[in-house]
Amino acid sequence: MLALIAPWIVPYREQALGEPNVAERLLPPSLRHPFGTDHMGRDILSRMIYGARTSLFTAISVVFLSALIGVPIGIVAGYSGGFLDNVLMRFTDVFLSFPPLLLALLIASTLGKGLFNAILALVITWWPWYARLVRSQALSMKSLAYVEAARAAGVSHFVIMFKHILPGCVAPLAVQCTMDMGSAILEAAALSFLGLGVQPPMPDWGLMISEGKAYFLNYWWVPTFPGLFMLLLVMSFNLLGDVFRELIDPRLRRRMLI
(Lines give C-alpha, C1' and ligand atoms only; values in the text may rest on other atoms or scores of the structure.)
Protein backbone atom coordinates (compact mmCIF):
# COMPACT_ATOMS: atom_id res chain seq x y z
CA MET A 1 0.00 0.00 0.00
CA LEU A 2 2.83 2.41 0.86
CA ALA A 3 4.43 1.63 -2.49
CA LEU A 4 1.24 2.59 -4.35
CA ILE A 5 0.96 5.99 -2.70
CA ALA A 6 4.71 6.65 -2.54
CA PRO A 7 4.66 9.97 -4.48
CA TRP A 8 2.31 11.49 -1.90
CA ILE A 9 3.83 10.22 1.35
CA VAL A 10 7.62 10.14 0.98
CA PRO A 11 9.24 12.96 2.97
CA TYR A 12 12.04 13.54 0.43
CA ARG A 13 10.74 12.78 -3.05
CA GLU A 14 13.70 14.26 -4.95
CA GLN A 15 16.17 12.26 -2.90
CA ALA A 16 14.07 9.14 -3.39
CA LEU A 17 14.49 9.56 -7.13
CA GLY A 18 18.25 9.98 -6.83
CA GLU A 19 19.03 13.63 -6.09
CA PRO A 20 22.14 13.76 -3.84
CA ASN A 21 22.43 15.81 -0.66
CA VAL A 22 26.10 15.48 0.30
CA ALA A 23 25.77 17.89 3.21
CA GLU A 24 23.80 15.20 5.09
CA ARG A 25 25.60 12.04 3.97
CA LEU A 26 25.71 8.98 6.27
CA LEU A 27 23.60 10.48 9.04
CA PRO A 28 22.37 7.93 11.63
CA PRO A 29 18.65 7.26 12.18
CA SER A 30 16.87 10.25 13.73
CA LEU A 31 13.47 11.91 13.85
CA ARG A 32 14.28 13.78 10.64
CA HIS A 33 15.63 10.68 8.88
CA PRO A 34 14.09 7.62 10.63
CA PHE A 35 16.32 5.18 8.71
CA GLY A 36 19.29 7.54 8.33
CA THR A 37 20.87 8.70 5.07
CA ASP A 38 23.11 6.92 2.57
CA HIS A 39 26.56 7.72 1.16
CA MET A 40 25.06 10.46 -1.03
CA GLY A 41 22.98 12.03 1.74
CA ARG A 42 19.68 10.64 0.46
CA ASP A 43 16.94 9.72 2.90
CA ILE A 44 16.89 5.91 3.12
CA LEU A 45 13.22 5.69 4.14
CA SER A 46 12.12 7.67 1.07
CA ARG A 47 14.26 5.53 -1.23
CA MET A 48 12.99 2.34 0.37
CA ILE A 49 9.35 3.30 -0.20
CA TYR A 50 10.08 4.05 -3.85
CA GLY A 51 12.27 0.95 -4.05
CA ALA A 52 9.31 -1.16 -2.93
CA ARG A 53 7.50 -0.05 -6.09
CA THR A 54 10.42 -1.26 -8.20
CA SER A 55 10.60 -4.61 -6.40
CA LEU A 56 6.85 -5.23 -6.63
CA PHE A 57 6.69 -4.16 -10.28
CA THR A 58 9.54 -6.53 -11.11
CA ALA A 59 8.03 -9.45 -9.20
CA ILE A 60 4.54 -8.98 -10.64
CA SER A 61 5.95 -8.67 -14.17
CA VAL A 62 8.08 -11.79 -13.83
CA VAL A 63 5.29 -13.93 -12.36
CA PHE A 64 2.62 -12.69 -14.79
CA LEU A 65 4.74 -13.06 -17.93
CA SER A 66 6.09 -16.44 -16.84
CA ALA A 67 2.55 -17.72 -16.28
CA LEU A 68 1.43 -16.18 -19.57
CA ILE A 69 4.03 -18.25 -21.41
CA GLY A 70 4.06 -21.39 -19.30
CA VAL A 71 0.33 -21.97 -18.80
CA PRO A 72 -0.64 -22.39 -22.49
CA ILE A 73 2.37 -24.63 -23.12
CA GLY A 74 1.52 -26.77 -20.10
CA ILE A 75 -2.15 -27.12 -21.03
CA VAL A 76 -1.39 -28.04 -24.64
CA ALA A 77 1.26 -30.57 -23.57
CA GLY A 78 -0.85 -32.20 -20.88
CA TYR A 79 -4.05 -32.35 -22.91
CA SER A 80 -2.47 -33.47 -26.19
CA GLY A 81 -0.07 -36.09 -24.85
CA GLY A 82 2.02 -38.22 -27.18
CA PHE A 83 4.57 -36.69 -29.52
CA LEU A 84 3.60 -33.05 -28.93
CA ASP A 85 3.81 -33.52 -25.17
CA ASN A 86 7.28 -35.06 -25.49
CA VAL A 87 8.55 -32.25 -27.71
CA LEU A 88 7.23 -29.48 -25.46
CA MET A 89 8.46 -31.10 -22.26
CA ARG A 90 11.94 -31.84 -23.65
CA PHE A 91 12.14 -28.18 -24.68
CA THR A 92 11.07 -27.23 -21.17
CA ASP A 93 13.65 -29.58 -19.65
CA VAL A 94 16.43 -27.71 -21.44
CA PHE A 95 15.68 -24.64 -19.31
CA LEU A 96 15.07 -26.66 -16.15
CA SER A 97 18.48 -28.33 -16.44
CA PHE A 98 20.21 -25.08 -15.40
CA PRO A 99 20.06 -23.46 -11.94
CA PRO A 100 17.52 -20.62 -12.42
CA LEU A 101 19.59 -17.81 -10.93
CA LEU A 102 22.75 -18.88 -12.76
CA LEU A 103 20.87 -18.98 -16.07
CA ALA A 104 19.29 -15.59 -15.32
CA LEU A 105 22.75 -14.13 -14.64
CA LEU A 106 24.03 -15.50 -17.95
CA ILE A 107 21.06 -14.14 -19.91
CA ALA A 108 21.12 -10.75 -18.15
CA SER A 109 24.84 -10.33 -18.77
CA THR A 110 24.25 -11.14 -22.44
CA LEU A 111 21.29 -8.79 -22.85
CA GLY A 112 22.92 -5.96 -20.91
CA LYS A 113 22.19 -4.03 -17.75
CA GLY A 114 18.77 -2.64 -16.94
CA LEU A 115 15.46 -3.40 -15.26
CA PHE A 116 13.62 -4.70 -18.32
CA ASN A 117 16.50 -6.94 -19.38
CA ALA A 118 16.55 -8.35 -15.84
CA ILE A 119 12.80 -9.03 -16.02
CA LEU A 120 13.23 -10.75 -19.40
CA ALA A 121 16.08 -12.88 -18.06
CA LEU A 122 14.00 -14.01 -15.09
CA VAL A 123 10.95 -14.76 -17.25
CA ILE A 124 13.05 -16.97 -19.54
CA THR A 125 14.18 -19.01 -16.54
CA TRP A 126 10.79 -19.16 -14.77
CA TRP A 127 8.15 -20.05 -17.36
CA PRO A 128 9.08 -23.79 -17.46
CA TRP A 129 7.98 -24.22 -13.83
CA TYR A 130 4.49 -23.00 -14.71
CA ALA A 131 4.41 -25.24 -17.76
CA ARG A 132 5.25 -28.25 -15.58
CA LEU A 133 2.66 -27.35 -12.95
CA VAL A 134 -0.18 -26.84 -15.43
CA ARG A 135 0.77 -29.93 -17.45
CA SER A 136 0.40 -32.13 -14.37
CA GLN A 137 -3.02 -30.60 -13.70
CA ALA A 138 -4.10 -31.06 -17.32
CA LEU A 139 -2.98 -34.71 -17.30
CA SER A 140 -5.14 -35.43 -14.25
CA MET A 141 -8.15 -33.50 -15.55
CA LYS A 142 -8.39 -34.58 -19.19
CA SER A 143 -9.88 -37.95 -18.22
CA LEU A 144 -12.58 -36.46 -15.96
CA ALA A 145 -16.20 -37.14 -16.87
CA TYR A 146 -17.17 -33.59 -17.85
CA VAL A 147 -14.12 -33.27 -20.10
CA GLU A 148 -14.91 -36.60 -21.77
CA ALA A 149 -18.52 -35.46 -22.20
CA ALA A 150 -17.41 -32.22 -23.85
CA ARG A 151 -15.13 -34.17 -26.19
CA ALA A 152 -17.94 -36.58 -27.08
CA ALA A 153 -20.25 -33.63 -27.78
CA GLY A 154 -17.83 -32.38 -30.43
CA VAL A 155 -16.49 -29.40 -28.50
CA SER A 156 -13.22 -28.18 -30.02
CA HIS A 157 -9.94 -29.02 -28.33
CA PHE A 158 -9.20 -25.32 -27.86
CA VAL A 159 -12.45 -24.76 -25.95
CA ILE A 160 -11.91 -27.86 -23.83
CA MET A 161 -8.39 -26.79 -22.89
CA PHE A 162 -9.13 -23.18 -22.04
CA LYS A 163 -12.75 -23.35 -20.88
CA HIS A 164 -12.92 -26.70 -19.09
CA ILE A 165 -9.36 -27.51 -18.02
CA LEU A 166 -7.85 -24.07 -17.37
CA PRO A 167 -10.34 -23.13 -14.59
CA GLY A 168 -9.25 -26.23 -12.71
CA CYS A 169 -5.67 -24.96 -12.77
CA VAL A 170 -6.47 -21.58 -11.23
CA ALA A 171 -6.25 -22.65 -7.58
CA PRO A 172 -2.76 -24.23 -7.71
CA LEU A 173 -1.61 -21.40 -9.97
CA ALA A 174 -2.77 -18.80 -7.44
CA VAL A 175 -0.79 -20.53 -4.71
CA GLN A 176 2.30 -20.87 -6.89
CA CYS A 177 2.16 -17.26 -8.09
CA THR A 178 1.83 -15.92 -4.56
CA MET A 179 4.79 -17.91 -3.29
CA ASP A 180 6.83 -17.06 -6.40
CA MET A 181 6.44 -13.35 -5.71
CA GLY A 182 8.91 -13.63 -2.84
CA SER A 183 11.39 -15.61 -4.92
CA ALA A 184 11.09 -13.13 -7.78
CA ILE A 185 11.85 -10.24 -5.43
CA LEU A 186 14.96 -12.04 -4.16
CA GLU A 187 16.26 -12.99 -7.60
CA ALA A 188 15.63 -9.52 -9.02
CA ALA A 189 17.45 -8.05 -6.02
CA ALA A 190 20.34 -10.44 -6.65
CA LEU A 191 20.65 -9.20 -10.24
CA SER A 192 20.59 -5.59 -9.06
CA PHE A 193 23.12 -6.39 -6.33
CA LEU A 194 25.48 -7.75 -8.99
CA GLY A 195 24.97 -4.70 -11.20
CA LEU A 196 22.84 -6.40 -13.87
CA GLY A 197 19.39 -5.16 -12.84
CA VAL A 198 18.22 -1.72 -11.78
CA GLN A 199 20.84 0.96 -12.38
CA PRO A 200 21.61 4.07 -10.27
CA PRO A 201 20.08 6.42 -9.35
CA MET A 202 16.81 4.45 -9.61
CA PRO A 203 15.75 3.23 -6.13
CA ASP A 204 15.80 -0.53 -5.64
CA TRP A 205 16.34 -2.60 -2.51
CA GLY A 206 18.93 -4.90 -4.06
CA LEU A 207 20.84 -1.92 -5.45
CA MET A 208 20.65 -0.12 -2.08
CA ILE A 209 22.17 -3.16 -0.36
CA SER A 210 24.89 -3.33 -2.99
CA GLU A 211 25.75 0.34 -2.60
CA GLY A 212 25.63 0.14 1.20
CA LYS A 213 27.70 -3.00 1.74
CA ALA A 214 30.95 -1.02 1.76
CA TYR A 215 29.64 1.08 4.68
CA PHE A 216 28.21 -1.73 6.80
CA LEU A 217 30.88 -1.81 9.53
CA ASN A 218 30.76 1.90 10.34
CA TYR A 219 27.30 2.87 9.05
CA TRP A 220 25.21 -0.25 9.64
CA TRP A 221 21.86 1.34 8.77
CA VAL A 222 22.70 1.92 5.10
CA PRO A 223 22.37 -1.73 3.93
CA THR A 224 20.51 -3.11 6.97
CA PHE A 225 17.09 -1.50 6.56
CA PRO A 226 16.64 -2.43 2.86
CA GLY A 227 17.72 -6.00 3.63
CA LEU A 228 15.43 -6.27 6.64
CA PHE A 229 12.35 -5.02 4.82
CA MET A 230 13.09 -7.24 1.84
CA LEU A 231 13.18 -10.20 4.22
CA LEU A 232 9.84 -9.20 5.76
CA LEU A 233 8.19 -8.74 2.36
CA VAL A 234 9.43 -12.11 1.07
CA MET A 235 8.27 -13.85 4.26
CA SER A 236 4.87 -12.17 3.91
CA PHE A 237 4.36 -13.57 0.41
CA ASN A 238 5.51 -17.03 1.51
CA LEU A 239 3.11 -17.03 4.46
CA LEU A 240 0.29 -15.78 2.24
CA GLY A 241 1.00 -18.60 -0.20
CA ASP A 242 0.85 -21.12 2.66
CA VAL A 243 -2.51 -19.71 3.75
CA PHE A 244 -3.89 -20.01 0.21
CA ARG A 245 -2.64 -23.58 -0.05
CA GLU A 246 -4.24 -24.56 3.26
CA LEU A 247 -7.55 -22.98 2.23
CA ILE A 248 -7.54 -24.68 -1.17
CA ASP A 249 -6.32 -28.16 -0.14
CA PRO A 250 -9.10 -29.99 1.80
CA ARG A 251 -6.57 -32.27 3.53
CA LEU A 252 -4.55 -29.35 4.88
CA ARG A 253 -7.75 -27.55 5.88
CA ARG A 254 -8.84 -30.63 7.82
CA ARG A 255 -5.55 -30.65 9.72
CA MET A 256 -6.04 -26.98 10.61
CA LEU A 257 -9.45 -27.76 12.10
CA ILE A 258 -8.03 -30.66 14.10
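The values are calculated or read from the model by the stated rules, or taken from the named source; none is laboratory data. Quick caveat, the model's predicted, so the values are computed rather than measured. Here the Cβ is made from the backbone with ideal geometry for all residues, glycine too, and neighbour counts use every protein chain on show.
At pLDDT 90 or above and over 26 Å from Gly112 (Cβ atoms): does that describe Ile160? Please lay out each step first, then the result.
Numbers: at pLDDT 90 or above: yes; over 26 Å from Gly112 (Cβ atoms): yes.
Yes; evaluated as a whole, the condition is true for this residue.
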Original post:
Picking from Gly74, Gly36, which residue would you name as being touching a residue at least 60 places away in the same chain (Cβ under 8 Å), on the phi > 0 side of the Ramachandran plot and surrounded by 20 or more Cβ atoms within 10 Å (Cβ to Cβ)?
Top reply: Gly36
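Could we say that Ser55 is buried (at least 16 other Cβ atoms within 10 Å of the Cβ), at pLDDT 90 or above and touching a Phe, Trp or Tyr at 6+ places or on another chain (Cβ under 7 Å) here?
yes
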Original post:
Listed residues Ala138, Ala108, Ala121, Ala189; which is touching a Ser or Thr at 6+ places or on another chain (Cβ under 8 Å) and at pLDDT 90 or above?
Top reply: Ala189
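Go over the candidates Phe229, Phe237, Phe244 one by one and state the one that is in a helix (DSSP H, G or I), at pLDDT below 95 and more than 30 Å from Ala138 (Cα to Cα). Walk me through how you get there before you give the answer.
Numbers: Phe237 fails: more than 30 Å from Ala138 (Cα to Cα); Phe244 fails: more than 30 Å from Ala138 (Cα to Cα).
Matching residue, one of Phe229, Phe237, Phe244: Phe229.
Determine if segment 77-94 includes at least one residue that is in contact with a Leu (Cβ under 7 Å, 6 or more places away or on another chain) and polar (S, T, N, Q).
Among the residues of segment 77-94, not one is in contact with a Leu (Cβ under 7 Å, 6 or more places away or on another chain) and polar (S, T, N, Q), which makes the answer no.
Evaluate segment 6-20: report whether one residue or more is farther than 20 Å from Tyr219 by Cα, modelled with pLDDT of 80 or more, surrounded by 14 or more Cβ atoms within 10 Å (Cβ to Cβ) and not hydrophobic (A, V, I, L, M, F, W, C). Before you say what the answer is, go through the steps one by one.
First, pick out the residues of segment 6-20 that are farther than 20 Å from Tyr219 by Cα: 6-14, 17, 19.
From what is left, the residues that are modelled with pLDDT of 80 or more are 10-14, 17, 19.
Narrowing further to those that are surrounded by 14 or more Cβ atoms within 10 Å (Cβ to Cβ): 10, 12-13, 17.
Checking which are not hydrophobic (A, V, I, L, M, F, W, C) leaves us with 12-13.
Yes, there is a match, as at least one residue in segment 6-20 is farther than 20 Å from Tyr219 by Cα, modelled with pLDDT of 80 or more, surrounded by 14 or more Cβ atoms within 10 Å (Cβ to Cβ) and not hydrophobic (A, V, I, L, M, F, W, C).
Out of Leu27, Leu68, Leu45, Leu31, report the one residue that is surrounded by fewer than 18 Cβ atoms within 10 Å (Cβ to Cβ) and under 25 Å from Phe216 (Cβ atoms).
Values: Leu27 fails: surrounded by fewer than 18 Cβ atoms within 10 Å (Cβ to Cβ); Leu68 fails: under 25 Å from Phe216 (Cβ atoms); Leu45 fails: surrounded by fewer than 18 Cβ atoms within 10 Å (Cβ to Cβ).
Within the list Leu27, Leu68, Leu45, Leu31, the selection yields Leu31.
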**OP:** Would you mention how many residues in segment 26-44 are under 25 Å from Glu187 (Cβ atoms) and not aromatic (Phe, Trp, Tyr)?
**Re:** 2
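What is the residue count in segment 22-49 for residues that are under 16 Å from Asp204 (Cβ atoms), in contact with a Ser or Thr (Cβ under 8 Å, 6 or more places away or on another chain) and in a helix (DSSP H, G or I)? Spell out how you get there, then give the answer.
As a first pass, look at segment 22-49 and keep what is under 16 Å from Asp204 (Cβ atoms): 35, 38-40, 42-49.
Cutting the leftovers down to in contact with a Ser or Thr (Cβ under 8 Å, 6 or more places away or on another chain) gives us 43-44.
Next cut, in a helix (DSSP H, G or I) only: 44.
Result for segment 22-49: 1.
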Subject >> Output for segment 212-226, where each listed residue is assigned to a helix (DSSP H, G or I) and either under 14 Å from the mean Cα position of the chain (by Cα) or surrounded by 19 or more Cβ atoms within 10 Å (Cβ to Cβ) (or both) >> reply: Gly212, Trp221, Val222, Pro223, Phe225, Pro226
**OP:** Read through the list (1) within 21 Å of Met208 (Cβ to Cβ); (2) part of a helix (DSSP H, G or I); (3) touching a residue at least 24 places away in the same chain (Cβ under 8 Å), then give the number of the only condition that Glu14 fails.
**Re:** (3)
Original post:
Quick check, is Phe83 farther than 30 Å from Glu14 by Cα, aromatic (Phe, Trp, Tyr), out of contact with any Gly (no Cβ under 7 Å at 6 or more places or on another chain) and at pLDDT below 95?
Top reply: yes
